[in-house]
1. Can you tell me which residue among Ala313, Ala279, Ala234, Ala246 is at pLDDT below 95 and over 30 Å from Asp115 (Cβ atoms)?
2. Conditions first: (1) assigned to a helix (DSSP H, G or I); (2) β-branched (Val, Ile, Thr); (3) within 16 Å of Arg297 (Cβ to Cβ). Val154 passes all but one, so which condition is the exception?
3. When you look at Ile296, is it touching a residue at least 24 places away in the same chain (Cβ under 8 Å), touching a Gly at 6+ places or on another chain (Cβ under 6 Å) and not in a helix (DSSP H, G or I), yes or no?
4. Here are the criteria: (1) of a type outside the set (Val, Ile, Thr); (2) over 14 Å from Ala151 (Cα atoms); (3) open to solvent by less than 40 Å² (accessible area, probe 1.4 Å). Tell me which single one Lys211 does not satisfy.
5. For segment 230-239: of the residues being assigned to a helix (DSSP H, G or I) and crowded, with 24+ Cβ neighbours inside 10 Å, which is nearest to the chain's Cα centre (by Cα)?
6. Give the residues of segment 316-340 that are at pLDDT below 95 and assigned to a loop (DSSP other than H, G, I, E, B), sorted by residue number.
7. Could you look through segment 90-100, keep only residues that are open to solvent by 10 Å² or more (accessible area, probe 1.4 Å) and at pLDDT 95 or above, and pick out the one that is farthest from Thr298 (Cα to Cα)?
Amino acid sequence: MRRLLLLLLALALLDVVLLLAGGRGPPAPEGDRVRAGIVFDVGGRGDKSFNDLAFLGLVRARDELGVEVEYVEPGEGADREGALRMLAARGFDLVVGVGFIFSDDIVGIAREYPDTAFACVDFAVPVDPEGRPVPPPPNVAGLKFREQEGAFLVGAAAALVSRTGRVGFVGGMDIPLIRKFEVGYRAGVRHVCPACTVIVNYAGVTGAAFKDPGKGKELALAQYGNGVDVIFHASGSTGLGVFEAARLTGGLAIGVDADQSSEAPGHVLTSMVKGVDVAVYRMVQEVVEQRFEGGIRTLGLAEGGVGYVHGNAQGDLLPDGVVARVEDLRERIVRGEILVPERPGVP
């Protein structure tokens with residue numbers, strides 16, 4: 001009875017939105033349709049980045065695989081654990097948490113629902129008291145990305161086009177995950193321009209730092225005013241403020257996660273892309289094909305998990321010579337000739 005009350009409370013607190021306004025895709029035999037549910041990260045849908053990519057993967061699964069899909073967008077201060085538990089209790093075949101913030105909750109809930117498949121984007125691997133990694137339960141797929149590799153490439157591009165020798169980075173929440181973007185970016189800049197300077201600012205130390213365009217604009221304007229001519233952001237919807245600052249000052253910006261060139265046409269040099277949509281789709285596909293396996297999945301340049309944009313519909317701002325140089329660096333990373341650090345102080 002207590003569990004039922006908790007589930008009803010979770011339903012009341014959460015903004016649960018069905019994805020079925022436009023239909024559910026190809027029909028499947030009654031009772032055989034796979035059900036996939038997803039809970040969004042801070043910022044929710046409309047961030048034009050991380051969460052929207054996960055949504056695209058879910059929509060693709062609905063349209064191509066004929067699965068029944070549903071998403072949950074927690075409000076401010078909502079119980080994200082309750083959202084995950086609700087989907088599992090309702091019998092969903094796959095439950096996906098979008099963001100590292102779900103890692104511990106997914107591990108705990110997965111043990112309670114061993115017949116449900118779980119996936120966590122940007123999974124934070126738990127450690128034991130001695131600091132050793134602890135494998136997740138067998139029904140949990142932890143999706144990780146080598147963001148530093150993609151950031152290295154856009155860092156090299158930024159340095160190669162910079163006229164001032166000063167480039168910037170605006171991060172969202174100051175956490176190890178976003179530091180990976182910064183470290184990779186710095187390494188890429190340093191690789192092609194040892195004399196270049198990288199100016200770094202973070203929007204904050206809480207989840208709100210990923211959804212504060214005003215702060216992003218403030219930080220970016222300060223950087224552009226300090227001689228920076230290219231800024232890479234890894235800050236969710238906070239980055240929309242970076243694009244606005246680029247438009248106001250005539251500077252260049254670099255998008256993240258998805259191709260963000262449409263946010264400021266003529267001012268977006270490139271975007272570091274992250275295959276969150278592909279990862280989510282593949283998780284659903286594995287469940288549909290009954291070949292889902294738990295464990296840690298790490299995707300980088302070699303696996304097509306990260307990359308960068310050039311030659312997009314909004315107009316390619318990367319000169320051919322820069323693209324050729326960056327492509328050479330990409331191939332060298334894939335071959336293992338260049339090892340991109342993910343933490344400060346690691347060569």
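The values are calculated or read from the model by the stated rules, or taken from the named source; none is laboratory data. If you're wondering where the values come from, they're calculated on a predicted model, not measured in any experiment. Every residue, glycine among them, receives a Cβ derived from its backbone with ideal geometry; neighbour counts consider all protein chains shown. In case anyone asks, the SASA skips ligands and DNA or RNA and just uses the protein heavy atoms, side chains included. Shrake-Rupley method; radii C 1.70, N 1.55, O 1.52, S 1.80 Å.
1. Values: Ala279 fails: over 30 Å from Asp115 (Cβ atoms); Ala234 fails: at pLDDT below 95; Ala246 fails: at pLDDT below 95.
Going through Ala313, Ala279, Ala234, Ala246 in turn, the sole match is Ala313.
2. Only one criterion in (1) assigned to a helix (DSSP H, G or I); (2) β-branched (Val, Ile, Thr); (3) within 16 Å of Arg297 (Cβ to Cβ) is unmet by Val154, namely (3).
3. Details: touching a residue at least 24 places away in the same chain (Cβ under 8 Å): yes; touching a Gly at 6+ places or on another chain (Cβ under 6 Å): yes; not in a helix (DSSP H, G or I): yes.
In short, yes.
4. It fails just one condition, (3).
5. Kept after step one, since they are assigned to a helix (DSSP H, G or I), are these residues of segment 230-239: 236-239.
Subset that is crowded, with 24+ Cβ neighbours inside 10 Å: 236, 238-239.
Working: Gly236: 8, Thr238: 14, Gly239: 13 Å.
Only one residue tops the list, namely Gly236.
6. Hits for segment 316-340 are Asp316, Leu317, Leu318, Pro319.
7. Here is the first cut: in segment 90-100, the residues open to solvent by 10 Å² or more (accessible area, probe 1.4 Å) are 90-91, 93, 100.
So of that shortlist, the ones also at pLDDT 95 or above come out as 90-91, 93.
Numbers: Arg90: 30, Gly91: 28, Asp93: 23 Å.
Filtering segment 90-100 for residues that are open to solvent by 10 Å² or more (accessible area, probe 1.4 Å) and at pLDDT 95 or above, the one farthest from Thr298 (Cα to Cα) comes out as Arg90.
For every residue, the table says whether it meets (1) within 18 Å of the chain's Cα centre (by Cα); (2) part of a helix (DSSP H, G or I); (3) surrounded by 21 or more Cβ atoms within 10 Å (Cβ to Cβ); (4) of a type in the set (S, T, N, Q).
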{"site": "Leu56", "(1), (2), (3), (4)": "yes, yes, no, no"}
{"site": "Val59", "(1), (2), (3), (4)": "yes, yes, no, no"}
{"site": "Glu64", "(1), (2), (3), (4)": "no, yes, no, no"}
{"site": "Met86", "(1), (2), (3), (4)": "no, yes, yes, no"}
{"site": "Phe102", "(1), (2), (3), (4)": "yes, yes, yes, no"}
